[in-house]
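The values are calculated or read from the model by the stated rules, or taken from the named source; none is laboratory data. No experiment lies behind these values; they were computed from the predicted model shown. Cβ atoms come from the backbone with ideal geometry, glycine included; neighbour counts cover every protein chain shown. All accessible areas refer to the heavy atoms of the entire protein, side chains included, with ligands and DNA or RNA removed. Shrake-Rupley method; radii C 1.70, N 1.55, O 1.52, S 1.80 Å.
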Amino acid sequence: MSTTAVSKGAGSKFTPHEIMGLSGNEAAAEALKQVNPDVAAVFPITPQTELMHKFAEYVANGAVDTELINVESEHSAMSATVGASAAGARAVTATSANGLALMWEIVAIASSLRLPIVMPVVNRAISGPLNIHCDHSDTMGCRDLGWIQLYSEDSQEAYDNMIQAFRIAEDKSVMLPVMVTFDGFIISHTMERVEIIADDGVVRKFVGEYKPENYLLNAQHPVTYGPLDLPDWLFEHKRQEVQGFLNAPEVIKKVGREYGQITGRSYDLLENYRMDDAELAVVALGSTAGTAKAAIDELRDEGVKAGLVKIRCFRPFPGKELCATLGRCKAVSVMDRSFSFGLEGGPVFNEIRGAAYGAGLKVPMVSHIYGIGGRDINVTQIRGIFEGLKKLASGGRIETVENYVGLRE
Amino acid sequence: MAEVKKVKGWRDVAIGGLVEPGTSEQYNTGSWRTYRPVWHADRCIHCLQCWAFCPDSSIVVKDEKFSGFDYYHCKGCGLCAKMCPVKGEKAITMILETEAAKAEKK
Amino acid sequence: MALNLKKLSHKPEMLAPGHRACSGCTAPFMIRLALKMVEDDEKLVTSIATGCMEVVTTIYPFSAWKCSNIHCAFENSAATLSGAEAAYRVLAKRGKVKEKFKFLAMGGDGGTYDIGFQSLSGAMERGHEMLYICYDNEGYMNTGIQRSSATPKGAETNTSFAGTAKPGKEQHRKDLTACLVAHDIPYVAQASVHNIRDLGDKIYKGLHCGGPAFINVLAPCHRGWRIGVDQGVEYARLAVEANFWPLFEVEKGLYKINYKPKTQLPITDWLKGQGRFKHLFNDKNKHIIDELQAEADKKWKQLLRREAESLEDAKAAAPAQA
């Protein structure tokens, strides 16, 4: 990590920032340092490990006074985070792939108890066979466990999303845990230029003080968390959870705008890249969005009306917003970095196609599955996807819905 | 203690299924009883063994002395009678609820 | 603190009635007692593993807990409470929580010996200031009486039937208390629901030992043991009198046996009358009774040796007399 520049902020309407060379893990750890949460419960797993190394260093050096719990498994990491959050603390943990799988049970419990936990998840393939590299099978697998999911394109976004996540999770109309994801190794271990808010105080003010309403350590008003919820009540509690998701988009947008007012970097549910007049579009999440932008720039130079819709917020799913943009296109590919076994097309594809049906979209849509287990994806391959879209746009038939990019036949 | 209301729609239930403390008191477990504990004042030594071993907090103690049963919650398990250390006839005996009901009618 | 029931009766009842434990269950009065083992200026946060005591005390929208309680899942009562305890330390440090809190985790033998063993071990190793109480009824009773690693050899359960090919459970029970002693935590004890005074003292000690503590409490389930509704306490006593379940404590590594039967009862005095052991009383299965007797005798001798060693150690550690 090295500081290369410090902006003075004078004359700028934005808060002063430092420019640093940070990996995604370091950027997320930096955000956590600035927030200084009450409790962090962690267990190492590649590629998340370095994030918590960094944070443990901050704890050891007194840069934060967070209680760090070095648990004996991810299951206990999430359990302790649930206990801490229910007790009234701002609590965080972090994980990847198999660690996320091990804590699965408690991931669902955390959201059902409406605990505003924040958890960076460094995307990695779920075993097996064992693979430590990036795909989205981990977070896609738990898309229905009641967590808000924000995907990050690079280290900067990992940092920015981490800070915003606390505000989103803790909003009284939301009260849901938030996963901030970024691609294992591709983002987590790649040093990039990251703008860090120079003053921790600005971050803490933006995030605000956490004021729990019902918590175990309330001596005046004890509470029972996690009852036996039989058939006469569980449905109502789940419907209430749905309301948190219905309220979340406005909160995510508002927080994204306010963050932009401070830093100059605003956030929405989606990012539309050269979509205004796009005829051919790909949809992607995570680091691949950056690769796609490079491919699109080339194609645009060649006169192809190509564009990208990057999904930042996958849960709640921005179906309406996606359809509003994609509806203007002539052909669409949805890029999935994971399978949905037994279903034609990847998970993101199927969600978009479902939303498109509801919106009455007629645009031809195909699924491209790529990058499994850390398989590289490059500009040439994404250009290849656009080649296919060209044919579809000019009346070609969809031969296969589920297509693979980078697979050896 | 907060009163638990009978039926609530999803908008009104507590977030995350949180429950107010001690509300189980409103639930009648006394209806489970087959046997009813009966106290014999003359034999009681107020040792409070019955109180200590009651699983249902249904022995009422006042000023360090036995003062009655909470029949709204007592399940009639008979541990109080069993744990009564009085020799011979115990200070608490169990009688069938049906018998107790008959006696009450008389 | 010597437990005095009359004094104790002035303490507020922290487990409300109206919970739905089986009539005659021995666990609720143990919990009632445990929740009173704090000083007047101390509050409690409790956690409980999925299991009998959890489901009967928290059927929505009712809760029997008058102190704060959290149920997260089956295997993580200890890990969950370790998070709450860590939250307390940091929130107290940051001036957000002013009151004194104590932390009590609970689980049955399923949630403690078996599925929650790792979570318990981790929390104890990390040194959280909390007491974990296992209410050991020797089986997965909540799910309908299946064998656990706490089930004694020979016992019939719904996953270890006594049939023509098998004589009930085939293994001796796990010595979980010994496992916890091996964690070198400040306080470990074994107790029984029949001896309230001993139990109360141990819970008080466990909550106030300044570090992690563990108490394994024998809490018979009359359904699983197939005894009378009002016989749970009596059968706990018999287990202790037969040296099957000795009452002892290990403070900072030193053993102390809290109760030594004047005359040890034969194991059969405990076994007979329990429906789950009924099939042992015939010629074919008699050897299992012998094995249970031998196991109890072996463990008791071990315990006596450890107590004697502890006395020696304590003497050696004491400052020399001038």
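At-a-glance table
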{"quantity": "Residue in the range A:213-220 that is within 14 Å of chain C (Cβ to nearest Cβ), touching a Gly at 6+ places or on another chain (Cβ under 9 Å) and assigned to a strand (DSSP E or B) present", "calculated": "no"}
{"quantity": "Residues of the range C:78-107 that turn out to be within 19 Å of residue C:35 (Cα to Cα) and either out of contact with any helix residue (DSSP H, G or I) (no Cβ under 6 Å at 6 or more places or on another chain) or within 7 Å of chain A (Cβ to nearest Cβ) (or both), as a count", "calculated": "11"}
{"quantity": "Residue check, residue B:98 modelled with pLDDT under 95, open to solvent by 70 Å² or more (accessible area, probe 1.4 Å), farther than 19 Å from residue C:56 by Cα and not basic (Lys, Arg)", "calculated": "yes"}
{"quantity": "Number of positions in the range C:145-180 that are β-branched (Val, Ile, Thr) and either open to solvent by 60 Å² or more (accessible area, probe 1.4 Å) or more than 20 Å from residue C:115 (Cα to Cα) (or both)", "calculated": "2"}
{"quantity": "Members of the range C:158-200 found to be within 18 Å of the chain's Cα centre (by Cα), of a type outside the set (Val, Ile, Thr) and under 25 Å from residue B:55 (Cβ atoms), listed by number", "calculated": "C:173, C:176, C:189, C:190, C:191, C:192, C:194, C:195, C:197, C:198, C:199, C:200"}
{"quantity": "Qualifying residue in the range A:338-359 (condition: crowded, with 16+ Cβ neighbours inside 10 Å, of a type in the set (S, T, N, Q) and touching a helix residue (DSSP H, G or I) at 6+ places or on another chain (Cβ under 9 Å))", "calculated": "yes"}
{"quantity": "Number of positions in the range C:109-122 that are more than 8 Å from every other protein chain (Cβ to nearest Cβ) and either open to solvent by less than 10 Å² (accessible area, probe 1.4 Å) or touching a Lys or Arg at 6+ places or on another chain (Cβ under 7 Å) (or both)", "calculated": "7"}
{"quantity": "Residue count, the range C:48-59 (criterion: within 11 Å of chain B (Cβ to nearest Cβ) and either touching a helix residue (DSSP H, G or I) at 6+ places or on another chain (Cβ under 6 Å) or among the polar types (S, T, N, Q) (or both))", "calculated": "3"}
{"quantity": "Selection from the range B:1-32 of residues that are modelled with pLDDT of 95 or more and facing chain C (nearest Cβ under 8 Å)", "calculated": "B:19, B:20, B:21, B:22, B:23, B:24, B:25, B:26, B:27, B:28, B:29, B:32"}
{"quantity": "Matching residues, the range A:110-145, being in a loop (DSSP other than H, G, I, E, B), more than 14 Å from chain B (Cβ to nearest Cβ) and among the β-branched types (Val, Ile, Thr)", "calculated": "A:126, A:132"}
{"quantity": "Of all residues in the range C:18-47 being within 8 Å of chain B (Cβ to nearest Cβ) and part of a helix (DSSP H, G or I), the one that is nearest to the chain's Cα centre (by Cα)", "calculated": "C:27"}
{"quantity": "Members of the range A:22-56 that are closer than 17 Å to residue A:191 by Cβ and either open to solvent by 40 Å² or more (accessible area, probe 1.4 Å) or within 14 Å of chain C (Cβ to nearest Cβ) (or both)", "calculated": "A:50, A:53"}
{"quantity": "Selection within the range A:19-42 - in a helix (DSSP H, G or I) and either more than 16 Å from the chain's Cα centre (by Cα) or on the phi > 0 side of the Ramachandran plot (or both)", "calculated": "A:26, A:30, A:33, A:34, A:35"}
{"quantity": "Residue tally, condition surrounded by 24 or more Cβ atoms within 10 Å (Cβ to Cβ), in contact with a strand residue (DSSP E or B) (Cβ under 7 Å, 6 or more places away or on another chain) and not hydroxyl-bearing (Ser, Thr, Tyr), over the range A:151-167", "calculated": "6"}
{"quantity": "Total residues in the range A:376-409, condition in a loop (DSSP other than H, G, I, E, B) and either modelled with pLDDT under 95 or more than 17 Å from residue A:283 (Cα to Cα) (or both)", "calculated": "12"}
{"quantity": "Pick from the range B:47-80, criterion in contact with a Ser or Thr (Cβ under 7 Å, 6 or more places away or on another chain) and more than 7 Å from every other protein chain (Cβ to nearest Cβ), ranking: nearest to residue C:219 (Cα to Cα)", "calculated": "B:74"}
